[in-house]
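The block underneath contains the structure these notes are about, expressed in structure tokens.
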Amino acid sequence: MVSPFSGHWLLENIDPYEAHMYAYRQSLHSGRTKYQTVEIIDTYKYGKMLLLDGKPQSAAGDEYIYHESLVHPVMIAHPEPRNVLIIGGGEGATLREVLRHRTVEKVIMVDLDEEVVNLCYKHLPQWHQGSFSDPRTQLFFQDGRQFLLESEERFHVIIMDSTDFSEQSLALALFTREFFELARARLDRPGVLVVQAVELSSLEYAKHALLRRTIMAVFPKVSSYRTYVPSFRADWGFIAASEELDPGDLDEETIERRLKERVGAYGGQDLRFYDSQAHRFLFSLPKDLRGFLSQDGPILEDSGLPPLDLTQ
Ligand code: SAM
């Protein structure tokens, strides 16, 4: 017997050797869109949780940690982010965090799956807080790479908040060297990109390291950072990349000044996680991890995933 609790359980297979179980009160939605399976459950520990193809995307109790960490380091590193692109970001919380910045004049969000966005709009209002109907928002339902290929627009900040990459992933083509070359060409100068960069716990580094090497093949300035997300039971990684900006180099005074000048409440809620101390914490990586990340290895290209044991 795994647990004395005898109600509903949802099992997430993390890899062939590990799984995570969430006890939940009720299922709010369970179905399949044109692209992926979608579940929204009300968990006992983390509140509502969105899962796509069986993988948790975010949970009510701690989504602010993930979304604030994804968005603010790069937005604060830019001297004046006015034009922003989000690829993925179905829940609308990444959009919410971008819209806190008073410098922002326009945010384009491109998510492949209109049905997922509509389900999030209906069931997860705490995430979007009205961000989908903000006058600065433009929503497109399209593959993110296709959008960039067809658009001539340039962006001060590009935020990649898609699902993870794997052989069968809808998002695999958003993680290759060729994709990052296209994204670099669509960045204004100065410009900065950030990618949600999979789990980065000390013994689960291979996938993040592969992505980091791929991005380093394209951008001269690349910083990995991470934070612990309780509902994932893992440290989550992010990668910032730019020709000229390095969020890892920002000093506390600049962060606090820019936060005060430019960032406000959204949907009545102030920032809960991010400030200059949190910034320093995000970019402080331990010695073993820095060692892993400095190793050479293959990169991701359009020709496919390199042969690599991603369970390391
Ligand atoms: N926080 C998340 C995580 O931990 O993986 C990501 C959140 S968000 C729900 C992921 C979104 O990426 C989904 O809404 C999905 O439809 C979208 N997506 C996947 N592949 C995509 C693609 N090729 N182009 C645009 N959006 C994509």
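The values are calculated or read from the model by the stated rules, or taken from the named source; none is laboratory data. Model, not experiment: these values are computed from the prediction. Ideal geometry is used to build each Cβ from the backbone, glycine not excepted, and the neighbour counts take in all protein chains shown. Protein only, heavy atoms only, side chains kept; ligands, DNA and RNA dropped before computing areas. Shrake-Rupley method; radii C 1.70, N 1.55, O 1.52, S 1.80 Å.
Select, from Leu139, Leu187, the only residue that is of a type in the set (A, V, I, L, M, F, W, C) and farther than 22 Å from Ile299 by Cβ. Before the answer, list the steps.
On the way: Leu187 fails: farther than 22 Å from Ile299 by Cβ.
Only one candidate passes the filter, namely Leu139.
From the set of residues in the stretch 78-92 that are in contact with a Lys or Arg (Cβ under 9 Å, 6 or more places away or on another chain) and surrounded by 24 or more Cβ atoms within 10 Å (Cβ to Cβ), which is farthest from Val263 (Cα to Cα)?
Ile87
Just for strands (runs of 3 or more DSSP E) wholly inside the stretch 108-200: which have at least 2 residues that are open to solvent by less than 20 Å² (accessible area, probe 1.4 Å) and in the same structural domain as Tyr46 (by TED's automatic domain parsing)?
Answer list for the stretch 108-200: none.
Which of (1) open to solvent by less than 10 Å² (accessible area, probe 1.4 Å); (2) outside the structural domain of Ile239 (by TED's automatic domain parsing) is the odd one out, the single condition Pro16 does not satisfy?
(1)
When you look at Ser169, is it touching a Ser or Thr at 6+ places or on another chain (Cβ under 9 Å), free of Cβ contacts under 8 Å to residues at least 12 places away in the same chain and over 25 Å from Leu245 (Cβ atoms), yes or no?
yes
Against the definition (in contact with a Phe, Trp or Tyr (Cβ under 7 Å, 6 or more places away or on another chain) and not charged (D, E, K, R)), how does Ala173 come out, yes or no?
Taking the combined requirement at face value, the residue satisfies it.
Within the stretch 253-265, can one find any residue that is within 17 Å of the chain's Cα centre (by Cα), modelled with pLDDT of 95 or more and within 30 Å of Thr43 (Cα to Cα)?
no
Between Leu203, Leu211, which is under 18 Å from Gly304 (Cα atoms) and in the same structural domain as Gly88 (by TED's automatic domain parsing)? Give the steps one after another, and end with the answer.
Values: Leu203 fails: under 18 Å from Gly304 (Cα atoms).
Leu211 is the lone residue from the list that is under 18 Å from Gly304 (Cα atoms) and in the same structural domain as Gly88 (by TED's automatic domain parsing).
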